[in-house]
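Take a look at the structure set out below.
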Amino acid sequence: MALNPEYYEMKEGGTILFGSGEYSDYYVEGLYKVLKDFNIKEAEEQYKTEHGKPMKAWGAVNRVHATKVSEGDIEFTAWLTSEGYVDNIDYVDFHLGSYGEFELS
């Protein structure tokens, strides 16, 4: 399923959450602040050209996914950071429950 092309336009000051996996192995790689306007699909293509890393679509929203490296980092997000597109945001993740039951954990 392809996203509306306007979703690929990242705007300065915006926020991006990168995740990977499905179901029980889904995890959030990180939360990032957008430092400058860019098109994430164009950045994906630039990354693949420079690094030759295969990237594939994942999940129901067909967002960008990259190869995992040691310590749980993701090469693509590290590259976006090094290129000055994004900066990592510290955050706390709370789970609000499952199956209609509210339980903060």
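What follows draws every value from the coordinates through simple rules; no lab data is involved. The model shown is predicted, which means the values in this text are computed figures rather than measured ones. Positions of Cβ are generated from backbone atoms using ideal geometry, with glycine treated the same way; all protein chains shown enter the neighbour counts.
Quick check: pseudo-label points 7 Å beyond the Cα along Cα→Cβ at Lys11 and Ser105, how many nm apart are they?
3.8 nm
Evaluate the Debye formula for the range 1-41 with equal point scatterers sitting on the alpha carbons, no solvent, and hand back log10 of I(q)/I(0) at q = 0.21 Å⁻¹, in q order, two decimals.
Evaluating at q = 0.21 Å⁻¹ gives log10 I(q)/I(0) of -0.77.
Please compute the length gained on full extension between Ser98 and Lys33, using 0.36 nm multiplied by the number of residues separating them and subtracting their Cα-Cα distance. Spell out each step's value before the answer.
Values: separation 65, 0.36 × 65 = 23.40 nm, distance 2.87 nm.
Full extension of this stretch gives 20.5 nm more.
Measuring from centroid to centroid over Cα atoms, what is the spacing of the range 82-105 and the range 33-54 in Å?
The range 82-105 and the range 33-54 have Cα centres separated by 24 Å.
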